[in-house]
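Report on one structure; see the data block that follows.
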Amino acid sequence: MHTKPGSRHKLLALFGGTFDPIHYGHLRPVEALAQEIGLERVTLLPNHVPPHRPQPEANAQQRLAMVQIAIAEHPLFTVDDRELHRITPSYTIDTLEELRQQHGADTRLAFIIGQDSLLSLHKWHRWQDLLNYCHLLVLARPGYQQQMETVVLQHWLEQHQVRRPVELHRQSAGYIYLANTPLWEISATEIRQRHQQGISCDDLLPRSVQRYIELQGLYR
Ligand code: ATP
């Protein structure tokens, strides 16, 4: 890990998710975060869901297509589909290791998660290694508590937390930043349920993605 006081480096930001489907609860907070801390680009990383875990309703190709449709003509976002090509179960830490190798020790890597993911981060494979590879940028999400589950986890959070975005540019990994992004009460679960019940999802996700869902007959 390298520290260069006073220097400002570009942050390479990644945002992993199942995206079943991608929705405004993903896109809007990340846009706000990009404004808040000065991100030029955010790479969306659709997850490969291993066979022993509950499977998404849309297949990998459909989830990727929905991401691509959602970000078309949106210069902030790009997509990296490497996890979808893996045959073996992939963990975030494996992808981060790979990206670190690819971009070198000096690159500022940041991984974006929602508040709910922060609260369950201790269940992720090798979660304590994550900060060796990246910063964690946490999006506010309604309905989830601020405090971590245990005193030990809360202490871990406070030990790594930085409050000023500029800190994230000083070091290539190791910090946690809790964003002050507005709250969007949207989940993919709710969208799938509404679809099944024939309830409108306008304002929850882009129209172009909704059209794709209709055409593919998803979430019926
Ligand atoms: P599901 O309802 O199927 O569990 P989801 O809506 O939580 O899905 P994911 O693809 O699992 O979507 O989420 C990817 C990442 O986006 C996670 O880190 C999650 O915390 C974050 N996220 C999802 N929805 C929101 C939201 N409304 N506000 C902030 N973060 C969100």
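Given (1) away from the ligand (no atom under 14 Å from the Cβ); (2) without any contact (Cβ under 8 Å) to a residue 40 or more places away in the chain, where does Pro54 come up short, assuming only one miss?
Failed condition: (1).
Please work out which one of (1) in a loop (DSSP other than H, G, I, E, B); (2) open to solvent by less than 50 Å² (accessible area, probe 1.4 Å); (3) within 13 Å of the ligand (Cβ to nearest atom); (4) of a type outside the set (Ser, Thr, Tyr) is the condition Arg141 fails and give its number.
Answer for Arg141: the failing condition is (2).
Working carefully through the options Arg100, Arg108, Arg126, Arg86, find the one that is surrounded by 20 or more Cβ atoms within 10 Å (Cβ to Cβ), over 15 Å from the mean Cα position of the chain (by Cα), in contact (Cβ under 8 Å) with a residue 12 or more places away in the chain and more than 12 Å from the ligand (Cβ to nearest atom).
Arg108
For segment 163-178, name all the residues that are out of contact with any helix residue (DSSP H, G or I) (no Cβ under 7 Å at 6 or more places or on another chain) and in a loop (DSSP other than H, G, I, E, B).
Arg163, Arg164, Arg170, Ser172
Return yes or no: is Tyr133 open to solvent by less than 90 Å² (accessible area, probe 1.4 Å) and within 16 Å of the ligand (Cβ to nearest atom)?
no
Identify the single condition in (1) within 16 Å of the ligand (Cβ to nearest atom); (2) open to solvent by less than 30 Å² (accessible area, probe 1.4 Å); (3) over 20 Å from Glu149 (Cβ atoms); (4) out of contact with any helix residue (DSSP H, G or I) (no Cβ under 6 Å at 6 or more places or on another chain) that Tyr91 does not satisfy, given that it satisfies every other one.
Checking Tyr91 against (1) within 16 Å of the ligand (Cβ to nearest atom); (2) open to solvent by less than 30 Å² (accessible area, probe 1.4 Å); (3) over 20 Å from Glu149 (Cβ atoms); (4) out of contact with any helix residue (DSSP H, G or I) (no Cβ under 6 Å at 6 or more places or on another chain), the one that fails is (2).
Among the residues in segment 29-38, are any more than 21 Å from Asp203 (Cα to Cα), open to solvent by 30 Å² or more (accessible area, probe 1.4 Å) and in contact (Cβ under 8 Å) with a residue 12 or more places away in the chain?
Looking through segment 29-38, at least one residue is more than 21 Å from Asp203 (Cα to Cα), open to solvent by 30 Å² or more (accessible area, probe 1.4 Å) and in contact (Cβ under 8 Å) with a residue 12 or more places away in the chain.
Going by the structure shown, is Leu218 open to solvent by less than 70 Å² (accessible area, probe 1.4 Å), touching a Gly at 6+ places or on another chain (Cβ under 9 Å) and assigned to a loop (DSSP other than H, G, I, E, B)?
No, not satisfied.
Determine which single condition Leu76 fails, assuming it passes every other condition in (1) open to solvent by 20 Å² or more (accessible area, probe 1.4 Å); (2) within 14 Å of the ligand (Cβ to nearest atom); (3) within 29 Å of Glu214 (Cα to Cα); (4) at pLDDT 95 or above.
(2)
Looking for whichever is within 16 Å of the ligand (Cβ to nearest atom), part of a loop (DSSP other than H, G, I, E, B), on the phi < 0 side of the Ramachandran plot and among the hydroxyl-bearing types (Ser, Thr, Tyr) here; the options are Thr189, Thr181. Which one fits?
Thr181
The values are calculated or read from the model by the stated rules, or taken from the named source; none is laboratory data. In this text, all values refer to a predicted model and were calculated from it rather than measured experimentally. Please note: Cβ atoms are built from the backbone with ideal geometry, for glycine as well, and neighbour counts cover all protein chains shown. Remember, those area values only see protein heavy atoms, side chains included, never the ligands or the DNA or RNA. Shrake-Rupley method; radii C 1.70, N 1.55, O 1.52, S 1.80 Å.
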